[in-house]
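Participant: This structure is in structure tokens; I'll ask about it shortly.
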Amino acid sequence: MRAPFSDLPLVLTEATIAAGPVTILDKVSLMFDAGPPTLLVGPNGSGKTTLLRAAMGLLPLTSGRISWGGRDNASPARRAIVFQRPVMLRRSAAANIGYALAATDTPHAQRIDELLALVGLAGMGNRPARRLSGGEQQRLALARALARDPAILFLDEPTASLDPASTKAIEDIVRDVAARGVKVVMSTHDLGQARRLGGDVALLHRGRLIEHAPAEEFFAQPRTKEARDFIAGELLV
Ligand SMILES: Nc1ncnc2c1ncn2[C@@H]1O[C@H](COP(=O)(O)OP(=O)(O)O)[C@@H](O)[C@H]1O
Ligand SMILES: [Mg+2]
């Protein structure tokens, strides 16, 4: 059963995270609301993972504010995150999903089968999760995240270490999930992927939000030098 409130819109206001003298996230103001996926792009070390973890509520801010559906302390039930290298329980694929379902009231076997099918793993529930290929584990991680019926799903470079076929499989799932009304916020350093999936694109550089625009506009008319350099493949950390 869905929680009675949503975590959307998710609003970051001058969100800042410092680690000692280093500012990892620098006054980022950004809103995520229902709609097509938001793609976070930027060179390595620009703060993408930090921003996703903060938006998930896993990292405290040094200053600034984050609110989820107007609340400062949202229930984590309506948010889910898939890390770049998801860790599977040393159990079957089905058990990994079942573990995430534990808090819900849906009959498990049926829901597990639905989720496995959604990510293209139908019939593979009995396989040991850790023996699945990298792409299959990434899809299982997606199924596990979706088990919690999130309103917003954060994906941290989910295709970074995958081959083209596995990458396409993940992109198809992202489209499918977005079409079902889940807000997807996904980081990538693959500009082609940002073009293919992005409703809007946010460019981070050195912890700052440099540019945020509808995807078409971001690629056709970048407003900043950093965005132009990034699109040309020349933005270095
Ligand atoms: N806990 C931490 N302490 C110190 N520096 C960190 C910490 N976490 C991340 N960083 C640094 O912050 C920067 C941004 O990191 P990250 O968010 O992982 O970037 P991205 O995901 O875009 O590659 C990097 O320079 C990274 O080394
Ligand atoms: Mg990262």
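Each value in this text was obtained by applying a stated rule to the coordinates, not by laboratory testing. This structure is a prediction, so every number in the text was calculated from the model and none was measured. Because the Cβ atoms are built from the backbone with ideal geometry, glycine has one as well, and the counts that use them run over all protein chains shown.
Participant: Pull up the DSSP beta bridges for the chain and report the antiparallel fraction as a percent, rounded to 5.
Facilitator: Close to 55 percent.
Participant: Another one. Work out from phi, with θ = phi - 60° and the Karplus expression 6.51 cos²θ - 1.76 cosθ + 1.60, the ³J(HN,Hα) of each residue of the range 187-195, listed in order in whole Hz, and give x for Gly and Pro.
Facilitator: Per-residue couplings from phi come out as 9, 7, 10, 9, 5, x, 5, 4, 5 Hz.
Participant: Put +1 on the Cβ of every Lys and Arg and -1 on every Asp and Glu Cβ in the chain; which of Leu116, Gly181, Ile170 then has its Cα farthest towards the positive end of the dipole?
Facilitator: Positive-most Cα among the choices belongs to Leu116.
Participant: As I understand it, the value is the acute angle between the Cα axis of helix 108-118 and the longest principal axis of the Cα atoms of the chain; what does it come to in degrees, rounded to 10?
Facilitator: Once rounded, one gets 50 degrees.
Participant: By how many degrees, between 0 and 90 and to the nearest 10, does the Cα long axis of helix 164-179 differ from the longest principal axis of the chain?
Facilitator: 90
Participant: Which of Ser92, Leu51, Gly233 sits closest to the plus end of the dipole of the chain, meaning its Cα is farthest towards the positive end, when Lys and Arg get +1 and Asp and Glu get -1 on the C-beta?
Facilitator: The residue sitting farthest along the positive end of the dipole is Ser92.
Participant: Using 7 Å Cα-to-Cβ label points, what is the Ala109/Glu14 separation (nm, one decimal)?
Facilitator: Computed distance between label sites Ala109 and Glu14 equals 5.7 nm.
Participant: Just how large is the dipole of the chain about the Cα centre, in debye to the nearest 20, putting +1 at every Lys and Arg Cβ and -1 at every Asp and Glu Cβ?
Facilitator: With Lys and Arg at +1 and Asp and Glu at -1, about 640 debye.
Participant: Which cross-chain or sequence-distant (5 or more) residues have an amide H under 5 Å from the amide H of Phe154, H modelled 1.01 Å from N in plane?
Facilitator: HN-HN under 5 Å from Phe154: Ala80, Ile81, Val82, Val185.
Participant: Now, a different point. Taking Cα centroids, how far is the range 214-237 from the range 133-208 in Å?
Facilitator: Between the Cα centre of the range 214-237 and that of the range 133-208, the gap is 21 Å.
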